[in-house]
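I have placed the structure first, in the form of structure tokens, so that the comments after it can refer back to it.
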Amino acid sequence: MENNNNERFSPIKSLLGLLSFSTIIPVKQYTSIEYMTRMVWCWPFIHLIIGILAAVCGIICADVLHLNPFFTSVIIYAFLMLITGYNHLDGVMDMADGVMVQGDPQRKISVMKDSSVGAGGVATLFLVAVLTIAGIYSVLDYECIAGIIICEMVAKSSLLTTSLLSTPSNNGIGCYFIYSTNIFNYILSTVIVAVIAYLVGDIIGIIGLVGAVVAGALIAFIAKRNFIIANGDVLGMSNEVGRLMALLFMSVTLFFL
């Protein structure tokens with residue numbers, strides 16, 4: 001994947017490009033997709049900031065507005081979806097539709113890329129959303145506001161895990177992220193995420209990262225079995241399931257601590 005224009009690579013421009021790509025924050029900075037994805041290993045650190053904003057949102061809801069934990073959890077989830085521009089929700093529905101349909105990989109890929117949404121996609125999105133809200137409620141019930149920060153950051157570690165373990169499709173934006181993820185930048189990213197997660201949430205943070213990595217590996221396995229290749233829809237599913245699995249792992253751990 002080579003850039004054919006005269007643009008010079010800039011890490012700052014690439015990071016701003018990732019921020020613009022994955023959120024609705026108005027960043028007036030253009031860079032090519034090839035250069036943007038060179039810094040894909042830093043994606044979790046961008047969403048560390050998003051996680052902090054979500055945690056602040058939760059604190060305001062609970063301590064200032066005195067909303068109950070369930071209402072607070074719904075607002076936190078809504079905030080995360082809104083600030084990320086509902087970026088990965090179509091991936092959840094599209095991949096679910098592709099997995100549910102009977103047929104060979106080409107048939108499944110065709111259904112996944114179809115613009116229409118089936119019952120399997122709608123139901124899967126509903127389940128992922130409801131379970132994620134329940135996970136947020138659970139960590140808040142244990143007074144672990146750090147769990148909100150961690151789950152959003154490590155969701156991108158889940159996406160990177162899927163990228164590392166997947167065979168890219170021949171076209172689409174997702175292939176650039178997969179091509180740009182290699183074992184070296186993946187390990188570097190994961191080690192730094194682990195350090196941050198531990199500093200933010202102690203052992204709970206590490207457990208959340210483990211949950212996200214497990215989710216990423218699971219989604220990569222399901223994609224390989226059903227489609228052989230992976231695309232942006234698969235990565236979107238990995239992100240949302242990674243957040244959910246991080247919350248699940250942290251909730252179980254909090255129960256036993």
Please determine, in degrees from 0 to 90 and to the nearest 10, the orientation of helix 203-227 with respect to the longest principal axis defined by the Cα atoms of the chain, where the helix direction is its Cα long axis. 30 degrees
The chain, dipole about Cα centre (Lys/Arg Cβ +1, Asp/Glu Cβ -1), debye to the nearest 20: 440 debye
Kindly report, to the nearest 10 Å², the accessible surface of ASP90 as traced by a 1.4 Å probe over protein heavy atoms only. 80 Å²
Using amide H atoms built 1.01 Å from N in the peptide plane, name the residues 5+ places from ALA230, or on other chains, whose amide H lies under 5 Å from its own. THR167, SER169
So if I take the centroid of the Cα atoms in the range 229-257 and the same for the range 43-114, what is the distance between those two points in Å? 11 Å
Placing +1 on the Cβ of each Lys and Arg and -1 on the Cβ of each Asp and Glu in the chain, which of THR31, TRP43, ALA155 has its Cα farthest towards the positive end of the resulting dipole? THR31
Probe radius 1.4 Å, ligands and nucleic acids left out: which of HIS47, HIS66 has the largest accessible area, and how do the rest follow? HIS66, HIS47
Applied in sequence order to the range 95-105, the curve 6.51 cos²θ - 1.76 cosθ + 1.60 (Karplus, θ = phi - 60°) yields integer Hz couplings, x standing for Gly and Pro, of 5, 4, 4, x, 5, 6, 6, 7, x, 7, x
For all pairs of alpha-carbon atoms in the range 102-247, what percent lies in each bin of width 10 Å, listed from the first bin to the last filled one? 13, 39, 32, 15, 2
Under a GNM of the chain (C-alpha, springs under 10 Å), which listed residue has the highest mean-square fluctuation: PHE184, PHE71, PHE221? PHE184
How much solvent-accessible surface does TYR142 expose, in Å² to the nearest 10, with a 1.4 Å probe and all protein chains in place? 90 Å²
Karplus-derived 3J(HN,Hα) from phi for the range 131-145 (6.51 cos²θ - 1.76 cosθ + 1.60, θ = phi - 60°), whole Hz, x at Gly and Pro, runs 5, 5, 4, 4, x, 4, 4, 5, 5, 5, 4, 8, 6, 10, 5
Rounded to the nearest 10 Å², the accessible area of TYR86 using a 1.4 Å probe with every protein chain kept is 120 Å²
Taking the Cα centre as origin and putting +1 on Lys and Arg beta-carbons and -1 on Asp and Glu beta-carbons, what dipole magnitude results for the range 1-140, to the nearest 20 debye? 220 debye
Determine ³J(HN,Hα), in whole Hz, for all residues of the range 193-200 in sequence, where each value follows from phi through the Karplus function 6.51 cos²θ - 1.76 cosθ + 1.60 and θ = phi - 60°; x replaces Gly and Pro. 4, 4, 5, 5, 4, 5, 5, 7
Considering Cα pairs under 8 angstrom that are at least six residues apart, work out the relative contact order of the range 43-117 and quote it in whole percent. 21 percent
For the range 195-237, divide the Cα radius of gyration by the Kirkwood radius and give the resulting Rg/Rh value with two decimals. 1.17
What nm value, rounded to one decimal, do you get for the distance between VAL74 and ILE60 when each label is placed 7 Å out toward the C-beta? 1.9 nm
Using a 1.4 angstrom probe with every protein chain in place, what is the largest-first accessible-area order of ARG8, ARG243? ARG8, ARG243
Quote the FRET efficiency, to the nearest 0.05, computed for ASN170 versus VAL101 with a Förster distance R0 of 22 Å and r equal to the Cβ-Cβ distance. 0.55
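The values are calculated or read from the model by the stated rules, or taken from the named source; none is laboratory data. Just so we're clear, the structure is a prediction, and the values are computed from it rather than from any experiment. FYI the Cβ positions are ideal-geometry reconstructions off the backbone, even for glycines, and counts take in every protein chain you see. Heads up: the accessible areas ignore ligands, DNA and RNA and are worked out on the full protein's heavy atoms, side chains in. Shrake-Rupley method; radii C 1.70, N 1.55, O 1.52, S 1.80 Å.
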